[in-house]
Amino acid sequence: MSITLAKALRTESSPCMAFVGAGGKTTAMFQLARQIPTPVIVTATTHLGIWQIPFADKHIISDTPAALEEIEHGLQGVILVTGSIDKDRTKPINENLLDWLHQFCGYHSIPLLIEADGVRQKPLKAWADHEPPIPWFVKQVLQVVGLTGLRKLLNDEYVHRPELFSRLSGLKVGEPITPEALIRVLEHAEGGLKNIPTAARRVALLNQADTLELQAIAHGLAQSLFSAYHSVVISNLKQEKIFAVHEPIAGIVLAAGESTRFGQPKQLLDWHGQPFVRAVSQNALDAGLSPVVVVTGANAEQVGAAVTDLDVKVVRNDEWKSGQGSSIKAGVLSLPPPSLPASPKSFGFGGGWEGVGGAIFLLADQPQITPSVIRALIEKHAEELYPIVAPMVLDRRANPVLFDRATFSDLTTLEGDVGGRAIFHKHRVEYLPWHDDSLLLDVDTPEHYQRLISSDTL
């Protein structure tokens, strides 16, 4: 089973989105238009081929708002608004009409989808000085990439404007197009990031993943593209298939407890020469979680000092005595998302949780949790953006557990000594079979600790 493009893009009920790039822009735009509530208005700041007109339910040619004002109360289905037809293509709408559409759609909560790039039916492209004409007001930009251009020769057959692509990628015209070269183009300020508004969410849609080899290459590209894009979606839109949605997943280490039953801070117990909390945090970093947050409470200074030189954010939970729920809330609320990057390599912070796809909660008394199970949870979540993903060991639910950001609002309402399981009844839980019963171990007593450190397999 595959998720829809609308779910993969985490589309709001009335999105304002621009489509750029090559290798499936128009298909993506109209496919999305059919998956979200109608009416939907589709338009373009560039030329469209007249063969694309039948994708809409209604086509309106206009240079002024008058035609739309007349039918304002009868809008239904997918409405395509363009300039006049010139031979085999439509002209883009003018700036005044575009601004009016923006205000009209915003006022009436109507989705506005905009094709903002031109290409000549080729899988890859580079951009001339005047491209792409992305409106300043869009909230999300979908950069579409045709993976069938990989391994092909850099020439006019596969790339629109091959000379410009050569300059951005570092390849010579006529050389095979490598994944590394494609990354350079997509991350370049004059390439895939060109003219994207600072406040817009950036999504790379790696389309035409028609073979297992191309899907594997796309999975490899995803991690590299996180420096410039909030999300990387792998698809074959002709078959309406979404293979994966890669997003940054945060790690939240719960290390606020007082360890009353144990008699001393469990977070600071020795695990192969380092404190528990440091080992857990390092495993989270090694698994690729980002950001990693360590929530402290009791013995906050000592616990924080144990991870002070790691690339983690330490958050102090002053309400730790009320139970684990307060630590979960503190961890989630510490995840302000990147407002979209002003430069290719730097993310700022804004409100909401759009900067991460979810979070994995790790217990500070489970240093035996390996990066491999963390990565497996991430991969499982990427398949269909499951709300909750948990390991299943010997028919028992184990830790750690991944929560999609769709659950974050519920997690921030937890009170008392309850964990994330308190919201399992509200969201679908997908279980990941895992053949390692060490995930079931935690350290509540000195006897548990001795059993853990004396294990021959850990």
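Would you calculate a helix-derived [θ] at 222 nm for the chain, using -39,500 (n - 2.57) for each DSSP H run of n ≥ 4 and dividing by the full residue count, to the nearest 500?
Estimated from H runs of four or more residues: -7500 deg cm²/dmol.
Take the Cα pairs of the stretch 67-118, get the Kirkwood Rh, then feed it into Stokes-Einstein at 25 °C and 0.890 mPa s and tell me D in µm²/s.
Roughly 199 µm²/s, to the nearest whole number.
Size of the dipole of the stretch 126-184 about the Cα centre, Lys and Arg at +1 and Asp and Glu at -1 on the beta carbon, nothing else charged, in debye to 20?
So the dipole magnitude of the stretch 126-184 works out to roughly 180 debye.
Nearest 10 degrees, 0 to 90: what angle lies between the long axis of helix 324-333 and the longest principal axis of the chain (Cα atoms)?
Orientation of helix 324-333: about 30 degrees from the principal axis.
Between the stretch 187-231 and the stretch 428-447, what is the C-alpha centre distance in whole Å?
Their Cα centres are 35 Å away from one another.
Quick one: pull the percent of accessible area on the stretch 120-270 belonging to carbon and sulfur, 1.4 Å probe, ligands and nucleic acids left out.
Its accessible area is 51 percent carbon and sulfur atoms.
Please determine, in degrees from 0 to 90 and to the nearest 10, the orientation of helix 25-35 with respect to the longest principal axis defined by the Cα atoms of the chain, where the helix direction is its Cα long axis.
Tilt relative to the chain: about 70 degrees.
Put 137, 55 in order of accessible area, largest first, 1.4 Å probe: what do you get?
Result, largest first: 55, 137.
Given all pairs of different Cα atoms, what value in angstroms does the Kirkwood hydrodynamic radius of the stretch 395-442 take?
It works out to 12.3 Å.
For the stretch 91-173, divide the Cα radius of gyration by the Kirkwood radius and give the resulting Rg/Rh value with two decimals.
1.08
Of the chain, which part is the longest with no GluC sites (Glu not before Pro) in a loop (DSSP not H, G, I, E, B) and with at most 16 other C-beta atoms within 10 angstrom?
Counting only loop sites that pass the neighbour cut-off, the longest clear stretch is 13-156.
At 20 °C and 1.002 mPa s, grab the translational diffusion coefficient of the chain from Stokes-Einstein with a Kirkwood Rh over Cα pairs, rounded to a whole number in µm² per second.
For these conditions, the coefficient is 90 µm²/s.
In degrees from 0 to 90, rounded to the nearest 10, what is the angle of the helix 212-225 Cα long axis to the longest principal axis of the chain?
For helix 212-225, the angle is close to 70 degrees.
What does the stretch 202-262 give for Rg and for Dmax, in Å, if only its C-alpha atoms count?
So, for the stretch 202-262, Rg and Dmax equal 17.6, 58 Å respectively.
First obtain the Kirkwood hydrodynamic radius of the stretch 363-458 from its Cα pairs, then insert it into the Stokes-Einstein equation at 20 °C and 1.002 mPa s, and state the resulting D in µm² per second as a whole number.
D, rounded to a whole number, is 148 µm²/s.
Relative contact order of the chain, please, whole-number percent, based on alpha carbon pairs below 8 angstrom and at least 6 residues apart.
So the answer I get is 12 percent.
So for the chain: antiparallel DSSP bridges make up what percent, rounded to the nearest 5?
Taking every DSSP beta bridge within the chain, about 30 percent pair in antiparallel fashion.
How many Å² of accessible area per residue for the chain, probe 1.4 Å?
For the chain, the per-residue accessible area is 43 Å².
Using only alpha carbon positions, build the gyration tensor of the stretch 166-240, then give the equivalent ellipsoid semi-axes as the square roots of 5 times its eigenvalues, largest first, whole angstrom.
Equivalent ellipsoid of the stretch 166-240: 20, 19, 10 Å, largest first.
The values are calculated or read from the model by the stated rules, or taken from the named source; none is laboratory data. Because the structure is a prediction, the values reported are computed rather than measured. Quick reminder, even Gly has a Cβ in these numbers, built from the backbone with ideal geometry, and neighbours come from all protein chains shown. Ligands, DNA and RNA are excluded from the accessible area calculation, which covers all protein heavy atoms including side chains. Shrake-Rupley method; radii C 1.70, N 1.55, O 1.52, S 1.80 Å.
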